[in-house]
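*Asks:* Have a look at this one.
The values are calculated or read from the model by the stated rules, or taken from the named source; none is laboratory data. Values in this document were obtained by computation on a predicted structure and should not be read as measured data. Reconstructed Cβ throughout: ideal geometry from the backbone, glycine too, with neighbour counts over all protein chains shown. Ligands, DNA and RNA are stripped out before the accessible areas are found, and what is left, the full protein with its side chains, is counted by its heavy atoms. Shrake-Rupley method; radii C 1.70, N 1.55, O 1.52, S 1.80 Å.
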Amino acid sequence: MPELRVTCIKRDERQGTDYEVITAVGGPGGWKKTVPEVIAAIAAGNSFYVQVGANKVSVSAYPASNPRYIRTTPDSTRRDNLLSLPDCP
């Protein structure tokens, strides 16, 4: 199964919320997937990751029931690895 590197995100542009919501992610070669597409791809056995220094940090779908979202697995940094990425063009 393919392993895709996530290098950018698309954020929900609604104002006035306490949380930033990721609606899509993208990577090298210009690929883009919505969060539901990423969740379906993970369920089908594909993997996504964010490069943090020399480490690959996996992207996972949470929680087990709807509504679901994506996040990286905990690593050695307190930074949010996905929200730290630049916006996709």
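*Asks:* Among the residues of the stretch 43-89, write down those that are of a type in the set (A, V, I, L, M, F, W, C), over 11 Å from the mean Cα position of the chain (by Cα) and not in a loop (DSSP other than H, G, I, E, B).
*Replies:* ALA43, VAL52 - these are the residues of the stretch 43-89 that are of a type in the set (A, V, I, L, M, F, W, C), over 11 Å from the mean Cα position of the chain (by Cα) and not in a loop (DSSP other than H, G, I, E, B).
*Asks:* Anything in the stretch 70-89 that is surrounded by 15 or more Cβ atoms within 10 Å (Cβ to Cβ) and under 22 Å from ASP12 (Cα atoms)? List them, or say none.
*Replies:* Those that are surrounded by 15 or more Cβ atoms within 10 Å (Cβ to Cβ) and under 22 Å from ASP12 (Cα atoms): ILE70, ARG71, THR72, ASN81, LEU82, LEU85, CYS88.
*Asks:* In the stretch 11-30, what count of residues is obtained for those that are at pLDDT 95 or above and within 13 Å of the chain's Cα centre (by Cα)?
*Replies:* Residues that pass the stated criteria total 4.
*Asks:* Let me ask you something else. Within the stretch 49-69, take every residue that is within 17 Å of ARG11 (Cβ to Cβ) and either in contact (Cβ under 8 Å) with a residue 40 or more places away in the chain or in contact with a Lys or Arg (Cβ under 8 Å, 6 or more places away or on another chain) (or both) and give me the one that is most open to solvent (accessible area, probe 1.4 Å).
*Replies:* Among residues in the stretch 49-69 that are within 17 Å of ARG11 (Cβ to Cβ) and either in contact (Cβ under 8 Å) with a residue 40 or more places away in the chain or in contact with a Lys or Arg (Cβ under 8 Å, 6 or more places away or on another chain) (or both), the one most open to solvent (accessible area, probe 1.4 Å) is TYR69.
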